[in-house]
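I have placed the structure first, in the form of structure tokens, so that the comments after it can refer back to it.
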Amino acid sequence: MSLFFSSFEVTRQCFYRSSLAFAIVNLKPLMPGHVLVVPTRNVSRLADLNESELASLMSSVQRVGAVLERAYGADALTIACQDGKAAGQSVPHVHFHLLPRKVVGDQFSNNDDIYPALEDSEILLNSDLSRRPLRVDADENRKPRTEEEMASEASWLRRFFE
């Protein structure tokens, strides 16, 4: 069965899948290990999910997060969801950003600096997706990864779920 993030087919970027949710790597992650966890059914708001879908989504966030911490040597996670256009959601498909964080050596020395970066990453996501699937943000200083690089990371992460 094919997976879609909004109207865009997700292929080799997927590294985790449950019956009602999946996780994908990013084209332009804010930091190593920045991934998205998405419900299988395309709905725009958390309130649109039924109880089973919400439970599966949150369980997937928890499971993927535990793997990210172990795989990337993280001490914690930033977990974010822009729930609706007014909250900064640009792709009308519920999704959670998971970012592994470190006490020492974190990419954001001020932990709260991650939030404007996440907001920026959502701003042009929808328009960028129309040009190239899974482009995560408009920051041209971070170059997009190739399909092969994303597939390689997804393959590596997939092993943690076997």
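What follows is calculated from the coordinates using simple rules that are stated; it is not laboratory data. Please read these numbers as outputs of a predicted model, since none were measured by experiment. Note that each Cβ is placed from the backbone with ideal geometry, even for glycine, and that neighbours are counted across all protein chains shown.
What is the sum of charges around residue 49, taking Lys and Arg as +1, Asp and Glu as -1, for the other residues whose C-beta is under 14 Å from the C-beta of residue 49?
Neighbourhood net charge equals -2.
Quick one: order 41, 70 by neighbouring beta-carbon count within 10 Å, fewest to most.
70, 41
Once phi is turned into θ = phi - 60°, what whole-Hz ³J(HN,Hα) does the Karplus curve with 6.51, -1.76 and 1.60 give for every residue of the range 84-99, x standing for Gly and Pro?
x, 4, 5, 8, x, 5, 9, 9, x, 9, 3, 7, 10, 8, 10, 10
Working out 0.36 nm times the residue gap between residue 162 and residue 1, then minus their Cα-Cα distance, what length gain in nm do you get to one decimal?
56.0 nm
Counting only residues 5 or more places away or on other chains, whose amide H sits under 5 Å from the amide H of residue 21 once H atoms are built in the peptide plane?
Those lying under 5 Å, H to H, from residue 21 are 40.
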